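Since the structure comes first, as structure tokens, the remarks are kept for the end.
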Amino acid sequence: MMRCPRCGNEDPSWFYLGSKGWYCRRCVGFSRMLICEATEPVLPELSEPLDPQLRLDYPLTPNQRQISDQLCELSETHDVLVDAVCGAGKTEIVMDCLRRRLQRGQRAAIAVARRQVVLELARRLADAFPNLSVIPVCQPYTKRPEADLIVCTTHQLYRYPHRFDLLILDEPDAFPYKGDPVLHGIARTSCRGKIVYTTATPDAELRAQVKAGTLMQLKLNRRPHGHALTVPRVLIGPQFLLILRLYRWLKTKQKEDKQALIFVPTIRGCHRLKVLFSLEFSCGELTSQSLDQDETLRKLRTKELQFCFATTVLERGVTIAGVDVCVMDADHGVFDEASLTQMIGRVGRSFACPDGDGLFLCRKRSQQVARCVKRLEEANASG
């Protein structure tokens with residue numbers, strides 16, 4: 001039986017006999033790899049042991065420290081799921097595990113689904129490990145793919161076959177990694193050791209692995225500052241009333257001098273609302289088609305922009321201190337329970353602003369909105 005050495009495919013319908021030999025069409029978008037050229041992987045030797053100096057902005061809480069210590073132990077022998085609520089400090093929790101692996105001369109990486117999150121995590125890890133070289137590997141940052149610690153998109157893992165002793169796979173339930181067998185296979189091929197999954201919203205596949213005992217689970221339902229998760233208010237009405245309600249909400253935020261993210265289900269709708277509300281407010285726009293994504297994020301962080309209309313491209317991994325969140329058309333089919341939970345999870349993430357305001361504007365009642373609210377309430381009750 002043939003097996004693709006890159007994505008692990010064994011389905012014969014994906015193999016094609018070209019002029020130079022058999023190759024896998026399922027992952028041909030990453031370049032053509034001939035099956036006849038595949039040999040047993042030559043595992044890279046360990047690098048020289050490093051002496052990472054870990055510096056956190058705040059000490060881990062007892063709950064975080066407990067999860068971190070358990071993770072260091074379990075990840076030696078098992079794949080692990082760190083199931084922690086938005087803002088619980090998942091990145092800080094895995095840092096000690098990274099430090100210990102690098103001290104032993106092992107190779108480690110963090111892979112995430114989206115480019116904006118790669119840049120954010122690379123910046124945070126460079127601050128936390130000031131004496132290590134930390135690089136982001138994503139478009140257009142692909143000219144230098146080697147460093148002490150690599151932060152990359154899941155697509156870029158194809159560059160590192162059988163490389164990592166520890167792979168932190170952040171937000172594995174997010175598009176485009178979720179449901180893509182090619183990316184799943186490439187991630188598994190890149191890791192010769194164990195994989196640690198970190199998310200606040202594990203999908204059915206991860207939960208099934210936990211239930212089957214093939215994936216160990218560590219759960220944390222409390223943020224480090226101890227404040228409860230923001231549970232959004234839900235307002236239902238026709239479209240024109242929702243726009244009016246959004247205007248009043250933004251007017252209130254303007255008077256309070258608060259920044260806000262407004263999530264919109266479609267790129268067209270996002271642009272239309274940004275143009276409309278720019279007549280009175282300082283607004284930005286961030287979608288997958290935006291050419292100035294990095295500049296828009298910079299302006300948000302420096303408070304040059306007060307409001308930003310965004311699609312789900314900003315739903316995960318990006319932290320803007322003190323921001324409030326409104327989800328327009330929260331009942332839209334584009335949004336599911338996980339994405340709604342992640343979007344409202346942008347609120348209250350910092351010690352300086354541990355609380356905030358969340359609002360879901362809906363045209364009708366929906367199961368995903370009800371499940372999101374229930375999930376947040378249950379997390380607060382169990383935290």
Restricting the first residue to the range 370-383 and requiring it to be over 18 Å from Val347 (Cβ atoms), which pairs with a second residue that is of a type in the set (Asp, Glu) meet a Cβ separation below 7 Å and a spacing of at least six or different chains? Arg371/Glu337
Strands (runs of 3 or more DSSP E) wholly inside the range 35-144 containing at least 1 residues that are in contact with a strand residue (DSSP E or B) (Cβ under 7 Å, 6 or more places away or on another chain) and free of Cβ contacts under 8 Å to residues at least 60 places away in the same chain: 134-137
For residues that are more than 18 Å from Ala330 (Cβ to Cβ) and outside any helix (DSSP H, G or I), tally how many sit in the range 232-259. 3
Given (1) buried (at least 18 other Cβ atoms within 10 Å of the Cβ); (2) assigned to a helix (DSSP H, G or I), index of the condition Cys152 fails: (2)
Within the range 317-373, of all residues that are touching a strand residue (DSSP E or B) at 6+ places or on another chain (Cβ under 6 Å), of a type in the set (Gly, Ala, Ser) and not in a strand (DSSP E or B), the one nearest to Lys274 (Cα to Cα) is Ala330
Can you tell me which residues in the range 208-244 are over 30 Å from Pro59 (Cβ atoms), touching a strand residue (DSSP E or B) at 6+ places or on another chain (Cβ under 6 Å) and surrounded by fewer than 17 Cβ atoms within 10 Å (Cβ to Cβ)? Arg233, Leu235, Ile236
Which listed residue is modelled with pLDDT of 90 or more, under 25 Å from Thr198 (Cβ atoms) and part of a helix (DSSP H, G or I), from Glu295, Glu377: Glu377
In the range 155-185, how many are part of a loop (DSSP other than H, G, I, E, B) and over 14 Å from the mean Cα position of the chain (by Cα)? 6
Taking the range 302-316 only, how many residues are surrounded by 20 or more Cβ atoms within 10 Å (Cβ to Cβ) and farther than 23 Å from Arg272 by Cβ? 1
Quick one: in the range 319-334, which of the residues that are of a type outside the set (A, V, I, L, M) and crowded, with 23+ Cβ neighbours inside 10 Å is farthest from Arg222 (Cα to Cα)? Cys326
Looking only at the range 260-289, filter to residues that are surrounded by 19 or more Cβ atoms within 10 Å (Cβ to Cβ) and part of a loop (DSSP other than H, G, I, E, B); which one of those is modelled with the lowest pLDDT? Thr287
Please pick out the residue among Leu286, Leu279 that is assigned by TED's automatic domain parsing to the domain that holds Ser366, more than 28 Å from Ala88 (Cβ to Cβ) and of a type in the set (A, V, I, L, M, F, W, C). Leu279
Taking Cys36, is it in the same structural domain as Arg3 (by TED's automatic domain parsing) and farther than 30 Å from Val313 by Cβ? yes
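The values are calculated or read from the model by the stated rules, or taken from the named source; none is laboratory data. Values in this document were obtained by computation on a predicted structure and should not be read as measured data. Note that we place each Cβ from the backbone using ideal geometry, even for glycine, and neighbour counts take in every protein chain shown.
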